[in-house]
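Here is the structure we will look at, set down as structure tokens.
Each reported figure results from applying straightforward, stated rules to the coordinates on display, with no laboratory input. It should be emphasised that the depicted structure is a prediction, and the values quoted were computed from it without experimental measurement. With ideal geometry, Cβ positions are generated from the backbone for all residues, glycine too; neighbour counts draw on all protein chains shown.
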Amino acid sequence: MQRNFHVGLFGVALFGGSAVVIVHAAELQTRTIEAFDRYMAATEVRMATERGGDVPFLWVDRQPEPERVEALRRLEVGEVVIERLQTRDSSGKDIKIPKGMVHHWVGTVRIPEVTLEETIAMVQDYRHYADIYSPHIRQSALLGRDGNRFRFSLQLHVKKIVTVVVNAEYDAVFELLDARRAWVPTYATRIAEVENLDTPEEREKPIGDDRGFLWRLNTHCSFEQRDADTYMQCELVSLSRGMPFLLSAFIKPFVSGIPKETLTFTLESGRGHLTDSGG
């Protein structure tokens, strides 16, 4: 049986259990950006308490005791521990994002027999990200460095029902909190979706006027060395387009799954590179 739907911005066709998603252009609105900025500001207020020592530094250590013990056990056996987060305003209410969706995840991995210094050296090796994180990163370049501030560019590639390719530029600052802890906030300063990849017609779509899979991307990573191991935690907050209510049940798991899977892949690939190379 074949059923066809076309509602608003999304067209979804289901054929014998397979899915094809046709996503038309969306415009990034000022009110969407302003709401995301409020969400990010509230999130960073919480992060400041973690860096300052008011609460435990890593997410796993802030969990209730049974959950903390289980998370540490999973990390010990090599799992990536990843959870969805949600920031609320100072009164405890949800921060609404008109015409947009926030994707907020935190992931942690244990890197055995690798020091904090070795881990940070890998994270700063932006020129080789296309090797370390292939195939999700197709191209990488260091654009500049000023002390502990780095500017770099990546071409991101995600294929999940549809293919999404994005050119992005970033700004990252490395802060050594003490001999065993570091904190690295990274902000995408430019995000442009690419169409007609690897053809003579390849080009960037107008920024903010594309399919809306990735409009904002901020990643805050925390690193802590414990004995001979280093724990790497990355908290990802991204913004994508909103969606019509009638299609949200079908599309939202697909769109929300991309940040989670990308974060998991990043943590696993970074650990694999460090352990395979002996640090």
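Estimate the FRET efficiency between ASP146 and GLU65 by the formula 1/(1 + (r/R0)^6), using the beta-carbon distance for r and 51 Å for R0, to the nearest 0.05. Show your work: numbers first, answer last.
Values: r = 43 Å, r/R0 = 0.84.
Calculated transfer efficiency: 0.75.
May I ask which residue of VAL45, ALA228, THR163 lies farthest towards the positive end of the charge dipole of the chain, with charges of +1 (Lys, Arg) and -1 (Asp, Glu) on Cβ and the Cα centre as origin?
Most positive-ward Cα: THR163.
In nm, what is the difference between 0.36 nm times the number of residues separating GLU202 and ASP227 and their Cα-Cα distance? Numbers along the way, then the final one.
Working: separation 25, 0.36 × 25 = 9.00 nm, distance 4.88 nm.
That pair, GLU202 and ASP227, stretches by 4.1 nm at full extension.
Once phi is turned into ³J(HN,Hα) by the Karplus curve 6.51 cos²θ - 1.76 cosθ + 1.60 with θ = phi - 60°, what whole-Hz value does each residue of the range 151-157 show in order, with x for glycine and proline?
10, 8, 10, 9, 10, 8, 9
Roughly how big is the range 26-276's charge dipole about its Cα centre, with Cβ charges of +1 (Lys, Arg) and -1 (Asp, Glu), in debye to the nearest 20? Walk me through the numbers on the way to the answer.
Values: 33 positive and 40 negative charges, 164 e Å.
My answer is approximately 780 debye.
Ordered by residue, what ³J(HN,Hα) values in Hz, to whole numbers, does the range 202-209 give under the Karplus form 6.51 cos²θ - 1.76 cosθ + 1.60, where θ = phi - 60° and Gly and Pro are x?
So the J values, rounded to whole Hz, are 4, 7, 8, 6, x, 4, x, 9.
Taking 0.36 nm per residue of sequence separation and subtracting the Cα-Cα distance, how much length would be gained by fully extending the chain between GLU76 and SER277, in nm to one decimal?
Details: separation 201, 0.36 × 201 = 72.36 nm, distance 2.00 nm.
Roughly 70.4 nm would be gained on extension.
With n ≥ 4 as the cut-off for DSSP H runs, can you work out [θ] at 222 nm for the chain, using -39500 (n - 2.57) per run divided by the number of residues, rounded to the nearest 500? Don't skip to the end; give the middle numbers.
Details: 5 runs with 75 residues, N = 279.
Helices in the chain give a 222 nm mean residue ellipticity of -9000 deg cm²/dmol.
Put +1 on the Cβ of every Lys and Arg and -1 on every Asp and Glu Cβ in the chain; which of VAL106, ALA182, HIS128 then has its Cα farthest towards the positive end of the dipole?
VAL106
Going by amide H atoms built from the backbone, whose H comes under 5 Å of the H on MET101, apart from near neighbours?
The list, which skips near neighbours in sequence, is SER240, ARG241, GLY242.
Using semi-axes √(5λ) of the Cα gyration tensor in Å as the read-out, say which of [x] 32, 22, 19; [y] 30, 22, 19; [z] 26, 25, 22 was calculated from these coordinates.
[x]
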